[in-house]
């Protein structure tokens, strides 16, 4: 790192034992280096605070539960229609196609809008959409949907 000589103000290495221009010993005073170290430390503290804030925001937003507005009779989730074997098969295929870790679909309930709410043996809840991509139905984890603002899981 370059610094200025305390005598002649020439730019020299901060590690130089003498100034090559004027010959003074110990040309760089220790306090000339301190502000840069302090600035680096402040920068690292700010970065650390930003990272911690992001982590805390992620934790708090994933624990929030959706709320409803209006009358108390309106539900957040779409009421179920029926539980069928076909729903289990569709849910298992969609979750497997999405490459999600679901050992076994234990419950699959078809909802009024045609989507399926499925629960895996690892207690992860999924919403299987009616929309298809390449002939396959889309599966979304309800925990991910909640972070995106999707309701109805």
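A few notes on this one:
- Computed label-point distance, nm, for sites residue 130 and residue 50 using a 7 Å Cα→Cβ extension: 4.4 nm
- The slack between residue 41 and residue 57, meaning 0.36 nm per residue of separation minus the straight C-alpha distance, is 3.3 nm.
- Peptide packing: for 9-20, 108-119, the average count of neighbouring Cβ atoms within 10 Å per residue gives the ranking 108-119, 9-20, highest mean first.
- Alpha-carbon Debye profile of segment 80-148, log10 I(q)/I(0) at 0.19, 0.21 Å⁻¹: -0.64, -0.79
- Pair residue 9, residue 143: separation of 7 Å Cα→Cβ label points (nm): 6.2 nm
Each value in this text was obtained by applying a stated rule to the coordinates, not by laboratory testing. What you see is a predicted model; the values in this text were computed from it and never measured. Glycine also receives a Cβ, built like all others from the backbone with ideal geometry; neighbour counts cover every protein chain displayed.
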